[in-house]
1. For segment 28-48, give me each residue that is in a helix (DSSP H, G or I) and open to solvent by 60 Å² or more (accessible area, probe 1.4 Å).
2. Name the single residue, out of those in segment 101-128 being of a type in the set (A, V, I, L, M, F, W, C) and within 17 Å of Arg17 (Cβ to Cβ), that is nearest to the ligand (Cβ to nearest atom).
3. Quick one: which residue in Glu131, Glu136, Glu172 is assigned to a helix (DSSP H, G or I), more than 10 Å from the ligand (Cβ to nearest atom), open to solvent by 60 Å² or more (accessible area, probe 1.4 Å) and not hydroxyl-bearing (Ser, Thr, Tyr)?
4. Quick check on this structure: which one of Leu84, Leu40 is at pLDDT 95 or above and within 16 Å of the ligand (Cβ to nearest atom)?
5. Does at least one position in segment 59-73 carry a residue that is at pLDDT 95 or above, surrounded by 12 or more Cβ atoms within 10 Å (Cβ to Cβ), in contact with a helix residue (DSSP H, G or I) (Cβ under 8 Å, 6 or more places away or on another chain) and under 20 Å from Cys142 (Cβ atoms)?
6. Would you point out which residue out of Tyr167, Tyr158, Tyr154 is away from the ligand (no atom under 11 Å from the Cβ) and either buried (at least 17 other Cβ atoms within 10 Å of the Cβ) or closer than 24 Å to Ile54 by Cβ (or both)?
7. Among the candidates Glu97, Glu111, single out the residue that is open to solvent by less than 20 Å² (accessible area, probe 1.4 Å), outside any loop (DSSP other than H, G, I, E, B) and not hydrophobic (A, V, I, L, M, F, W, C).
8. Return the pair list, or none, for Cβ contacts closer than 7 Å from residues in segment 25-38 that are closer than 18 Å to Glu86 by Cα to residues that are outside any strand (DSSP E or B) and hydroxyl-bearing (Ser, Thr, Tyr), at least 6 apart or on different chains.
Amino acid sequence: MKEIIHEYLSEEKLNNRIKELGEQITADFEGEELYVVCILKGAVYFATELTKRINLPITLDFMSASSYGADTKSSGVVKITRDLDESLKDKNVLIIEDIVDTGRTLSYLLEMLKKRQPKSIKLCTLLDKPERRVTEVNVDYCGFEVPDEFVVGYGLDYAQKYRNLPYIGLLEFVES
Ligand code: 5GP
């Protein structure tokens with residue numbers, strides 16, 4: 001099978017929307033500090049661009065949770081493979097994710113992080129696939145809703161490839 005990528009969201013569209021999200025978050029948290037949690041690895045490209053557009057004092061931290069393996073189907077198993085450096089107690093926490101699909105990963109992570117007694121906790125995702133939701137997740141900031149297709153690029157991978165594409169593409173498999 002050969003993999004073909006069809007451009008779906010251009011670099012320009014992504015940049016424009018990320019700028020808007022940054023402005024919105026800046027306004028919503030005016031006068032506050034933010035503890036930004038980037039979920040590895042998929043959200044790295046989005047998190048670095050977005051945080052440059054947030055005009056507030058921020059601390060950037062990383063958390064890693066396994067979801068997909070080298071397949072395109074969610075396993076439903078969430079495992080924390082890298083935890084945060086600092087306590088979240090009394091902090092305004094902003095979780096940055098690449099995509100919310102079934103919602104299993106995020107609902108698990110949010111419940112776990114809420115127990116650490118942050119002042120507030122919000123979720124910002126670049127992409128949302130609402131059609132696929134099996135577990136309810138409150139998305140506070142969303143870049144784009146996408147259809148039920150497998151997307152790659154801008155941090156999102158297929159078997160660890162394509163993360164460095166500057167756009168979001170739809171992955172298609174064709175007979176080679
Ligand atoms: P969920 O737990 O919401 O089903 O899955 C979330 C994770 O699955 C995302 O963080 C991402 O790693 C992966 N995922 C879900 N849909 C896609 C997709 O269309 N493309 C890629 N590359 N990863 C996806």
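The values are calculated or read from the model by the stated rules, or taken from the named source; none is laboratory data. Since we're looking at a predicted model, the values are computed, not measured. Here the Cβ is made from the backbone with ideal geometry for all residues, glycine too, and neighbour counts use every protein chain on show. Keep in mind that these areas ignore ligands, DNA and RNA; they rest on the heavy atoms of the full protein, side chains included. Shrake-Rupley method; radii C 1.70, N 1.55, O 1.52, S 1.80 Å.
1. Residues satisfying the conditions are Asp28, Tyr45, Thr48.
2. Leu127
3. Glu131
4. Every option except Leu40 fails the conditions.
5. So far as segment 59-73 goes, yes, one or more of its residues are at pLDDT 95 or above, surrounded by 12 or more Cβ atoms within 10 Å (Cβ to Cβ), in contact with a helix residue (DSSP H, G or I) (Cβ under 8 Å, 6 or more places away or on another chain) and under 20 Å from Cys142 (Cβ atoms).
6. From the options Tyr167, Tyr158, Tyr154, the qualifying one is Tyr167.
7. Glu97
8. So the pair list comes out as Val36/Thr51.
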